[in-house]
1. Return the distance in nm (one decimal) between the two label points of a simple spin-label model at A408 and Y470, each offset 7 Å from Cα along Cα→Cβ.
2. Where in the chain are the DSSP H helices whose C-alpha atoms run 30 Å or more along the long axis and whose mean Kyte hydropathy is at least 0.0?
3. Looking at the square roots a ≥ b ≥ c of the eigenvalues of the Cα gyration tensor of region 241-382, which shape do they give, rounded for a/c under 1.5, prolate if a/b is larger than b/c, or oblate?
4. Going by amide H atoms built from the backbone, whose H comes under 5 Å of the H on T156, apart from near neighbours?
5. By the gyration tensor of its Cα atoms, with a ≥ b ≥ c the square roots of the eigenvalues, what is the shape of the chain: rounded for a/c under 1.5, prolate for a/b over b/c, or oblate?
6. Can you return the aspartates and glutamates within cross-link range of K430? Criterion is Cα-Cα under 13 Å, with same-chain partners fewer than 8 residues away left out.
7. Would you please give the residues with an amide H less than 5 Å from that of I324, counting only those at least 5 places away or on a separate chain, with H modeled from the backbone geometry?
8. For the peptides 393-402, 172-181, what is the packing order when you average, over each peptide's residues, the other Cβ atoms within 10 Å and list the highest mean first?
Amino acid sequence: MEQQESVIQQELAGRITLYSMKGCLHCRYAKNHLTNMGLPFFEVNVEKNPVIHQQIIDLTGRLTVPQIYFNNIHVGGNDDFQKLPQAELDKLIDLVKNEPVPPDAPPIPETEVVEEQVQKEEPVSKVDEYTNLIMDFKESGIIGNNWICLKLYQDTFSGKNFVNWLVDNRNIDKSAAIDLGRDLTNRKFLNPVAVKEFEDSNALYRLVEHDSVASLNAKIAASSVFQYLEIMKDLLAKLFSEHITSDGKIVDYQSMAANPVFEEYCQHTTQLQHIDISSLSRIKKLAFFINLYNILVIHGNIKNGPPRNAWQRYQFFNSISYKIGGKVFSLNDIQNGVLRGNRKGPAQVTKPFSKNDQRLKVALEGVEPLIHFALNYGAISCPPIKIYTAEDVDNQLKISAEAFLDCADGCQVNVSRKEVGLSQIFKRYKIDFGGTNEKLLKWVLEHLQDSPKKKALKELLDHGTVKIVYFLFDWSTNSKD
């Protein structure tokens, strides 16, 4: 083994290329794995190199990252890389050690320096490690109902049992296990039932998600929230790329429900209840709540099935919800309360959040009209489902609006009839686009791509009154089946 490691440390004649995105947890795992083996590699951030990203998508047929190449051999993503048989990995290492980069190897940027990565990647944060540990502990069978002084405490476990579990399952000594229990308690992953601190005793504890009182004020530090959101974004990107058609319109709910990544996502959602998002910036809230809305619709469809009529839709969008920071946010709360700056939704009598509602602190200051071209209700007439990133969310929303208006379902212009056809979205949320026909059409004109359609609409608006007709909205489910 020592001889093999010595060989690996030598300079490579070829190249290992890793295509990644900032904040991608699976990218980090792959980079750590390469670094721990002593393998130098080139990393290409596909967010900074969209042309190369598209080339990699065309080559691999995958939208997710990381994508890993040994010279011109595509290994796949992090899971594929981690599961490579040793004999196959040895062949790949031998290939890049002895063979130069062939002409048909995947591209790297030509206009910028791509530094060879040999330093150790920043390790996964304690919050991530602790989250994974807690998920494992939940499956241990230790959590249950325990009695103290004739009183039953549900969903609890003793400090002693937790310490013993850590010793047996985390290969650490008892002293380290006790220290870890104290750290988890200080970080609000564990909540004492009757004591103040963690003890290696029969004192009882609950996981924060099982503590109905503590969950209202248990929060992850703000610096960790962003990292947590990046992890969630990465999981969604993987699910969307594997179970949603390339045009973003059709969802294979059945196969997504069976994917272990979906179960991993569901486990991560339990942490939503004790994160503080009130201090997030506008762009981070935009990206977070758009992505969350779209996956919550999918989650609701998987759990309860799609709504089939107007009454079921009313129930669906007002009941399907996540607890975030101790507060419940339904689909309508997210769309109308947060993303529309607390405006009444169609057919709603009152605003989603009252003046004294703590959720009002999370709401955006004003309406964001472009969100209507990013939110997908699980219906055929909805805009496509995409992943939105905080770094580029405004530009991504602009592109989504342009693409929606460019399609026939979004906007049509009939010059001879002096008529403009628009999606029902513009009728339902007309107030967000100015409130009048004149302001609405001006908004549409400003957000159309340069095209014959835009030229025709401008011609109509320059020569008098234009009639607006609204297309029927197809509420049929966007399920693959």
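Just so it is clear, none of the values below were taken in a lab; they were calculated from the coordinates. Owing to the predicted nature of the structure, the values given are computational and were not obtained by experimental measurement. Heads up, the Cβs are rebuilt from the backbone with ideal geometry, glycines too, and the neighbour counts pull from every protein chain shown.
1. Taking the two extended label points, one gets 2.2 nm.
2. Numbers: long enough: 222-243 (32 Å, 0.29); 282-304 (32 Å, 0.45).
Helix filter hits for the chain: 222-243, 282-304.
3. Details: a/c = 1.63, a/b = 1.33, b/c = 1.23.
Prolate shape, in that a/c is at least 1.5 and a/b is the bigger ratio.
4. For T156, the qualifying residues are G144, N145, N146.
5. Numbers: a/c = 2.46, a/b = 1.23, b/c = 1.99.
Oblate, since a/c reaches 1.5 and b/c is not below a/b.
6. Cα-Cα hits under 13 Å: E368, E438.
7. The list, which skips near neighbours in sequence, is F329.
8. Working: 393-402: 18.1, 172-181: 15.5.
Going from most to least packed, we get 393-402, 172-181.
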